[in-house]
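Student: The structure is given below, and queries will be raised subsequently.
The values are calculated or read from the model by the stated rules, or taken from the named source; none is laboratory data. This is a predicted model, so every value here is computed, not measured. Here the Cβ positions follow ideal geometry from the backbone for every residue, glycine too, while neighbour counts run over all protein chains shown. Only protein heavy atoms, including side chains, enter the accessible area calculation; ligands, DNA and RNA are left aside. Shrake-Rupley method; radii C 1.70, N 1.55, O 1.52, S 1.80 Å.
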Amino acid sequence: MDTTLTYFRKSAFSRDALVYAGDLDTQPAEGTLPSVYYLDVRSRHINLCRNATQVTSPLLACKRHGMLGRSATIRGDITSSAHRNGAFSNAWTFVYMAEEFKWSIARWSNRWTLVDGRGNTVAVFERASFRASKIGTLSIMPGHPEHLVWLIVLTCELVHRTVKSSERAAHGS
């Protein structure tokens, strides 16, 4: 059975995200359903934490490099690297256990697909449209180790931040 996670903005003006188990339409009221993960988002850093109280000891910490942030290092219990797939691409590739995983982002689509080095679909992200707080829903295929799931959750947010930045640039804001 797939692991399904739903991303919500922490608040209206926050870049941080709360990730809940399940396919949810609305964000649970505070204290009713604990988030599975918390994404602490800064301009060049994204930290994946168990919850908002553990931001000083993240599971994984991602730091973007270069003037345009086209590459990143990811550290925690594992170490990985990631890079954008091209100068004008919003897609990212990361490495786990010497295997490349690539986020594929179709133009004019709210659906992103993560594939492994053999072309197998590993995860699918459905971006929410016209929602105030919901970012989208991530479905991860079964049978993956916890560290890979952490990388998928983190890099999905990295892709989301890149897409949002490209949209802002395209609309001049």
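Student: So, of the residues in the range 93-142 that are open to solvent by 20 Å² or more (accessible area, probe 1.4 Å) and of a type in the set (Val, Ile, Thr), which turns out to be nearest to Ala82 (Cα to Cα)?
Tutor: It comes out as Val95.
Student: Next up: Run Asp23 past the list (1) at pLDDT below 90; (2) closer than 25 Å to Lys134 by Cβ; (3) part of a loop (DSSP other than H, G, I, E, B); (4) open to solvent by 60 Å² or more (accessible area, probe 1.4 Å) and report the number of the one that doesn't hold.
Tutor: Unmet condition: (1).
Student: From Ser35, Ser71, Ser43, grab the single residue that is touching a His at 6+ places or on another chain (Cβ under 7 Å) and of a type in the set (Ser, Thr, Tyr).
Tutor: Ser71
Student: Are there any pairs with C-beta distances below 7 angstrom linking a residue in the range 1-15 that is assigned to a strand (DSSP E or B) to a residue that is open to solvent by 100 Å² or more (accessible area, probe 1.4 Å), with the two at least 6 apart or on different chains, and if so which?
Tutor: Close Cβ pairs (under 7 Å, with a partner that is open to solvent by 100 Å² or more (accessible area, probe 1.4 Å)) amount to Thr4/Asp23; Thr6/Asp23.
Student: What tally of residues in the range 89-145 results from selecting those that are more than 13 Å from Glu157 (Cα to Cα), not polar (S, T, N, Q) and not in a strand (DSSP E or B)?
Tutor: Summing the residues that are more than 13 Å from Glu157 (Cα to Cα), not polar (S, T, N, Q) and not in a strand (DSSP E or B) in the range 89-145 gives 18.
Student: Among the residues of the range 50-70, is there at least one that is modelled with pLDDT under 90 and in a strand (DSSP E or B)?
Tutor: Checked against the condition, which is being modelled with pLDDT under 90 and in a strand (DSSP E or B), the range 50-70 yields at least one hit.
Student: To continue, here is another question. Mind counting the residues in the range 26-52 that are open to solvent by less than 20 Å² (accessible area, probe 1.4 Å) and without any contact (Cβ under 8 Å) to a residue 60 or more places away in the chain?
Tutor: Final tally of qualifying residues: 3.
Student: Could you check the range 4-20 and list, in sequence order, the residues that are within 15 Å of the chain's Cα centre (by Cα) and either more than 22 Å from Ile152 (Cα to Cα) or open to solvent by less than 60 Å² (accessible area, probe 1.4 Å) (or both)?
Tutor: Those that are within 15 Å of the chain's Cα centre (by Cα) and either more than 22 Å from Ile152 (Cα to Cα) or open to solvent by less than 60 Å² (accessible area, probe 1.4 Å) (or both): Thr4, Leu5, Thr6, Tyr7, Phe8, Arg9, Asp16, Ala17, Leu18, Val19, Tyr20.
Student: Only residues that are touching a residue at least 24 places away in the same chain (Cβ under 8 Å) and farther than 13 Å from Leu5 by Cβ: list them for the range 115-140, please.
Tutor: Of everything in the range 115-140, those that are touching a residue at least 24 places away in the same chain (Cβ under 8 Å) and farther than 13 Å from Leu5 by Cβ turn out to be Val122, Arg127, Ala132, Ser133.
Student: Do we find a residue being at pLDDT below 85 and either under 14 Å from His160 (Cα atoms) or charged (D, E, K, R) (or both) anywhere in the range 112-120?
Tutor: No: zero hits.
Student: Taking Ser80, is it assigned to a loop (DSSP other than H, G, I, E, B) and surrounded by 13 or more Cβ atoms within 10 Å (Cβ to Cβ)? Can you show your working first?
Tutor: Values: assigned to a loop (DSSP other than H, G, I, E, B): no; surrounded by 13 or more Cβ atoms within 10 Å (Cβ to Cβ): yes.
Here the answer is no, as Ser80 does not meet what is asked.
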